[in-house]
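Chemist: My questions all concern the structure below.
No value in this document is a laboratory result; all are computed from the given coordinates. Owing to the predicted nature of the structure, the values given are computational and were not obtained by experimental measurement. Counting neighbours? That spans all protein chains shown, and the Cβs are built from the backbone with ideal geometry, glycine included.
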Amino acid sequence: MFPQPFIRRYLPDDEYSILMLEAEAFNEHNPYEYIHFYEVFHDGFFVCVIGQDVVGFIVGYALSESEGHIFSLAVSKYYRNRGIAELLIDHICTYFLLKGLQKASLEVRISNKPAINLYTKLGFSAAWMEFQYYSDGEDGYVMMTNLNSYFFRKEQIKFFGKSEKRKERGVN
Ligand SMILES: CC(C)(COP(=O)(O)OP(=O)(O)OC[C@H]1O[C@@H](n2cnc3c(N)ncnc32)[C@H](O)[C@@H]1OP(=O)(O)O)[C@@H](O)C(=O)NCCC(=O)NCCS
């Protein structure tokens with residue numbers, strides 16, 4: 001049986017693990033530069049730990065008085081499809097809510113189906129498209145959710161149980 005995942009704030013000792021996760025998940029930018037950028041938002045930089053391993057991270061910050069922005073999210077390919085991204089998003093949305101923010105936003109590549117499914121499942125919807133948002137010219141969706149409806153939707157998901165889609169993909 002796996003030890004339970006838990007979420008905590010990023011610590012300087014996590015740098016190497018984040019570097020590895022960043023390089024594995026996104027090959028379009030320099031992971032070192034990004035980690036230093038994430039550290040600026042230390043308050044909203046959370047990691048998921050299982051046993052001794054950092055297996056995922058999320059970074060977000062208050063973009064305005066009402067909006068929290070999720071800047072980056074990644075889960076190790078060895079630990080995907082176990083609900084870790086959902087745990088990380090729950091955590092940052094709670095953090096945004098406790099800061100008095102009302103909505104959360106993010107950008108996602110239009111080709112990133114796993115991430116779009118994840119955000120849609122949690123109640124985010126595409127607000128508009130940013131043309132050629134990414135360095136390779138790919139377009140991105142800006143997705144948004146209202147934080148109150150986010151937590152309401154989570155309760156509904158708990159009530160209706162495990163998604164059929166997860167079963168279709170052959171994961172428990
Ligand atoms: C996107 C990512 C963060 C998902 O992490 P994860 O821990 O595997 O996601 P979860 O297990 O919490 O999945 C939750 C939901 O996401 C969606 N999802 C996740 N992986 C999926 C896949 N391979 N195909 C389709 N939908 C998927 C599903 O809706 C899933 O709910 P379900 O299992 O009840 O159907 C992970 O694949 C990743 O790190 N990818 C590379 C980096 C990246 O794309 N980051 C997001 C940038 S915007």
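Chemist: Two-decimal Rg/Rh of the chain from alpha-carbon positions, Kirkwood Rh?
Modeler: In the chain, Rg relative to Rh is 0.94.
Chemist: Of Tyr133, Tyr119, Tyr150, which has the largest mean-square fluctuation in a 10 Å C-alpha GNM of the chain?
Modeler: Checking each option, the largest mean-square fluctuation is seen for Tyr133.
Chemist: Kindly provide the Kirkwood hydrodynamic radius of the stretch 32-131 in Å, to one decimal, from all pairs of distinct alpha carbon atoms.
Modeler: 14.2
Chemist: Hey, another quick one. Mind checking which lysines have their C-alpha under 22 Å from Lys158, skipping anything on the same chain fewer than 8 residues away?
Modeler: Lys103, Lys121, Lys167
Chemist: Among the GluC sites (Glu not before Pro) in the stretch 14-103, which ones are in a DSSP loop with at most 13 other Cβ atoms within 10 Å of the Cβ? Mind listing them?
Modeler: On the way: sites: Glu15, Glu22, Glu24, Glu28, Glu33, Glu39, Glu65, Glu67, Glu86; in loops: Glu28, Glu65.
Taking the stretch 14-103 and a limit of 13 other Cβ atoms within 10 Å, the loop GluC sites (Glu not before Pro) found are Glu28, Glu65.
Chemist: Round to the nearest 0.05 the FRET efficiency obtained for Phe37 and Asn81 when R0 = 22 Å and r is the Cβ-Cβ distance.
Modeler: For R0 = 22 Å, the calculated efficiency reads 0.20.
Chemist: In the stretch 1-71, what is the volume of the convex hull around the alpha carbon atoms, normalised per residue and reported in Å³?
Modeler: 101
Chemist: Still on this model: Based only on other Cβ atoms within 10 Å, what is the fewest-to-most ordering of Leu98, Leu21, Leu122, Leu63?
Modeler: Final ranking by Cβ density, sparse to dense: Leu98, Leu63, Leu122, Leu21.
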